[in-house]
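The values are calculated or read from the model by the stated rules, or taken from the named source; none is laboratory data. What you see is a predicted model, and the numbers here were worked out from it, not measured in a lab. Glycine gets a Cβ as well: all are built from the backbone with ideal geometry, and neighbour counts include every protein chain shown.
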Amino acid sequence: MRTSHDTAAVEVDGLRQTYGDFEAVRGVSFTVRAGELFALLGTNGAGKTTTMDVLEGLRPAHGGQVRVLGFDPYKQRRRLRPRTGVMLQDGGFVGDLTVAETVQVWGGLSADAGRPPVGDVLETVGLRAKGRTPVRQLSGGQRRRLDLALAVLSRPEVLFLDEPTTGMDPEARRGTWDVIRDLRAAGTTVLLTTHYLEEAERLADHLAIMHEGTVRAHGTVDEVVAEAGDRVVFRLPLLPRGGPPPLLGATPEITRSGDGATVTYTLGGTPPDGRAHAALRGLLAWADEHDLTLDRLEVRKGTLEDVFLRVAGGPR
């Protein structure tokens, strides 16, 4: 029986994890509602893999509290595992088995009599035509799709996806996104890690960005991206006396080169709706006053990459 969308499928409260004297995870907290897709992002060594290991029941929490479907994923893993699926970064397949045999063997380890036929599972992940192919002959992207097939074989309520599209070409990646969207639409709660920021932007209902063991940004994609601010960029062959004015409290960043200067504003700290328009009104008035043409004038909203890079470069 699947949990209600009004309940929490995954709860992480003050999670701490240490390796000797090194604290890899330092008080991480977030909640994943039932039926949503949550992306856990992070810089290298941020602690996201350790956090996922705890959620998947691979190691106990050293501090704080973690619950998956109301269970402690380590202490109560026997009760929890039939209701979850895990796609690890490396499935460790037997190369001489065919794709279909691999799914059959994996399914035989489950007591779930209601699991779908092998052909249907392979069809879901785009591998039906590879059913008789030995696993060792699969490409890296095809192996990732086989990993996904095994993870969803038991029709899990909560699905953990660790870098699900690594090694896939763009077409296969988008096909896998469609599979993940279908699973979410059917009510599966999905928690994924990824290094592809576009993947998180396309799929996630909520996300968190970790750095040095803590969560540095959290919310919906729009909420997190809004923190990056809008960018206004233009070029001038010659800067007037006094330089460009502040815009909505933002001071200009000026990069000089042999043929002039590039001026960049990052607009933040105000509601995102209409702030770029308000800034441009003041900027164009200043340009008219000084009889200037703003070459290559560009306005764009911030991106998840902007936020990620800011987090990666931020202090401890």
> Residues in the range 298-315: is at least one small (Gly, Ala, Ser), surrounded by 15 or more Cβ atoms within 10 Å (Cβ to Cβ) and modelled with pLDDT of 90 or more?
Replying inline: no
> Does Asp291 satisfy the condition of being free of Cβ contacts under 8 Å to residues at least 12 places away in the same chain, surrounded by fewer than 17 Cβ atoms within 10 Å (Cβ to Cβ) and closer than 24 Å to Ile209 by Cβ?
Replying inline: no
>> Among the residues of the range 294-307, what is the count of those that are part of a loop (DSSP other than H, G, I, E, B) and farther than 16 Å from Val225 by Cβ?
In response: 1
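Out of the range 52-90, which residues are among the aliphatic types (A, V, I, L, M) and either in contact with a strand residue (DSSP E or B) (Cβ under 8 Å, 6 or more places away or on another chain) or under 23 Å from Leu183 (Cα atoms) (or both)?
Of all residues in the range 52-90, those among the aliphatic types (A, V, I, L, M) come to 52, 54-55, 58, 61, 66, 68-69, 80, 86-88.
If the condition is that a residue be among the aliphatic types (A, V, I, L, M) and either in contact with a strand residue (DSSP E or B) (Cβ under 8 Å, 6 or more places away or on another chain) or under 23 Å from Leu183 (Cα atoms) (or both), then Met52, Val54, Leu55, Ala61, Val66, Val68, Leu69, Leu80, Val86, Met87, Leu88 are the ones that fit.
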> For Asp259, are the conditions met, namely being among the acidic types (Asp, Glu) and not assigned by TED's automatic domain parsing to the domain that holds Thr293?
Replying inline: no
> Inside the range 34-71, can you point out the residues that are of a type in the set (Lys, Arg) and crowded, with 22+ Cβ neighbours inside 10 Å?
Replying inline: Lys48
> Among the residues of the range 127-145, which ones are among the basic types (Lys, Arg), surrounded by 13 or more Cβ atoms within 10 Å (Cβ to Cβ) and either out of contact with any Leu (no Cβ under 8 Å at 6 or more places or on another chain) or not assigned by TED's automatic domain parsing to the domain that holds Leu97 (or both)?
Replying inline: Arg143, Arg144
>> If Glu171 meets every condition in (1) under 24 Å from Phe93 (Cβ atoms); (2) in contact (Cβ under 8 Å) with a residue 12 or more places away in the chain; (3) out of contact with any helix residue (DSSP H, G or I) (no Cβ under 7 Å at 6 or more places or on another chain) apart from one, which number is that one?
In response: (2)
>> Test of understanding: among Thr31, Thr102, Thr124, Thr84, which residue is surrounded by 13 or more Cβ atoms within 10 Å (Cβ to Cβ) and touching a residue at least 60 places away in the same chain (Cβ under 8 Å)?
In response: Thr84
> Conditions: (1) more than 25 Å from the chain's Cα centre (by Cα); (2) more than 28 Å from Val54 (Cβ to Cβ). Lys75 meets all but one. Number of the miss?
Replying inline: (2)
> Between a first residue in the range 175-196 that is within 21 Å of Glu56 (Cα to Cα) and a second residue that is basic (Lys, Arg), which pairs have beta carbons less than 7 Å apart while being 6 or more apart in sequence or on different chains?
Replying inline: Gly187/Arg2; Val190/Arg184; Thr193/Lys48
